[in-house]
Amino acid sequence: MPEDNIEHINFEELNQNALSAPLVRHIYTADPSAHYFNGKIYIYPSHDVDAGEAFDDLGSHFAMEDYHVISMDSIDSEAVDNGIALHIDDVQWAKQQMWAPDANEKNGKFYLFFPAKDYDGIFRIGVAVSDSPIGPFKAQPNPIKESFSIDPAVFKDEDGSYYMYFGGLWGGQLQRWRSGVFNADQPESPTAFIPDDKDPALLPFVAKMSDDLLEFDEKPKEIQILDENGALLLSGDNERRFFEAAWLHKHNGNYYFSYSTGDTHFICYAIGDNPYGPFTYKGRILNPVVGWTSHHSICQIEGKTYLFYHDSSLSKGVTHLRCIKKAEINYREDGSIITLDPYQ
Ligand code: FUB
């Protein structure tokens with residue numbers, strides 16, 4: 001239900017039929033990365049603001065400046081805003097656009113991973129550290145070496161290894177890195193350097209993290225997403241190919257790589273048998289929400305699995321003013337996920 005349709009939406013009716021309600025209403029929030037640390041739920045969202053930037057296909061209107069951590073004692077309890085956890089003024093290397101973050105915990109320390117544009121206008125991924133899951137976080141002076149693009153998601157595997165998944169098309173700049181260096185040509189074009197429809201789609205990246213979680217431990221590798229015949233998804237396969245919002249979770253020993261298809265607005269998933277893939281496309285987790293973007297995380301809490309996602313219902317359809325939500329997801333016996341409709 002992307003924004004070309006919003007003038008036809010009756011928001012009262014839509015909210016009544018919505019799968020779930022906004023978790024917080026006093027600020028706009030998006031891109032919720034949820035984790036269960038020490039028996040409590042912590043959500044690391046983007047903090048949407050209206051900075052007066054005009055809408056464009058590069059996402060200039062997503063001009064966020066800080067992060068707030070939202071916590072919940074249990075899945076049905078009140079969501080609490082713990083205030084500013086990190087502000088862009090306190091990140092030496094970052095100039096603008098604090099987009100979708102993630103966090104993780106290691107040895108009692110908490111790490112916030114976040115993308116932002118540096119002073120050359122290039123998206124990089126930074127790390128900030130705290131003794132508390134709600135911050136305040138102290139940013140490293142420089143972004144992660146060899147980091148690029150957006151939407152970091154850091155998965156901890158059962159053997160104690162941590163992996164960062166990342167990448168995003170158009171304003172997320174992934175297509176500008178095809179040769180390994182940033183291509184600054186045609187700066188106003190979101191689609192320059194996207195492969196032709198019949199060629200394989202651009203792929204997201206994964207890198208194992210160093211022991212201190214502050215750097216990559218290896219050069220980032222592409223993640224293959226295959227169709228049912230073992231071929232790479234094609235660039236023109238907009239309803240299935242990767243666009244942004246990577247996430248990785250495990251279910252019954254399998255690795256589920258999930259992501260947004262961007263301009264077709266689905267949250268999809270693909271399954272593999274190790275953290276690097278390849279992953280085989282399996283289906284949709286969430287149908288389109290109100291608003292252009294769709295972004296999610298998946299978190300296991302006391303034996304159940306929850307999808308954290310967002311839509312633009314709270315702002316009555318304003319693309320860059322979103323609200324975070326949650327809903328339970330269920331698997332079939334064969335491991336496939338039952339697709340959720342955000343509005344019944
Ligand atoms: O919130 C800014 C961007 O919008 C995120 O990085 C994308 O995933 C999309 O949700």
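A few notes on this one:
- The single condition among (1) within 16 Å of the ligand (Cβ to nearest atom); (2) among the aliphatic types (A, V, I, L, M); (3) farther than 18 Å from residue 323 by Cβ that residue 84 does not meet is (1).
- Taking the criterion of being open to solvent by less than 40 Å² (accessible area, probe 1.4 Å), free of Cβ contacts under 8 Å to residues at least 60 places away in the same chain and away from the ligand (no atom under 16 Å from the Cβ), the only residue of the stretch 92-107 that qualifies is 93.
- Each residue in the stretch 20-35 was checked for being away from the ligand (no atom under 16 Å from the Cβ) and touching a Phe, Trp or Tyr at 6+ places or on another chain (Cβ under 8 Å), and 1 of them qualify.
- Just one of the listed residues (243, 257, 266) is closer than 23 Å to residue 15 by Cα, within 16 Å of the ligand (Cβ to nearest atom) and crowded, with 18+ Cβ neighbours inside 10 Å, and it is 266.
- Filter result (of a type in the set (A, V, I, L, M, F, W, C) and either under 18 Å from residue 295 (Cβ atoms) or open to solvent by 20 Å² or more (accessible area, probe 1.4 Å) (or both)) within the stretch 12-36: 18, 19, 21, 23, 24, 27, 30, 34
- Within the stretch 108-128, the set of residues being charged (D, E, K, R) and more than 12 Å from the ligand (Cβ to nearest atom) comprises 109, 118, 120, 124.
- Residue that is most open to solvent (accessible area, probe 1.4 Å) [pool: residues in the stretch 39-55 that are away from the ligand (no atom under 13 Å from the Cβ) and in contact (Cβ under 8 Å) with a residue 12 or more places away in the chain]: 50
- Note on the stretch 56-73: among residues that are touching a residue at least 60 places away in the same chain (Cβ under 8 Å), assigned to a strand (DSSP E or B) and of a type in the set (A, V, I, L, M, F, W, C), the one that is surrounded by the fewest Cβ atoms within 10 Å (Cβ to Cβ) is 70.
- Wholly within the stretch 76-163, strands (runs of 3 or more DSSP E) carrying at least 1 residues that are hydroxyl-bearing (Ser, Thr, Tyr): 109-118, 123-130
The values are calculated or read from the model by the stated rules, or taken from the named source; none is laboratory data. This one's a predicted model, so the numbers in the text were calculated from it and none came from an experiment. Note: ideal-geometry Cβ built from the backbone for every residue, glycine included; neighbour counts use all protein chains shown. What goes into the accessible areas is simple: the full protein's heavy atoms, side chains included, and nothing from ligands, DNA or RNA. Shrake-Rupley method; radii C 1.70, N 1.55, O 1.52, S 1.80 Å.
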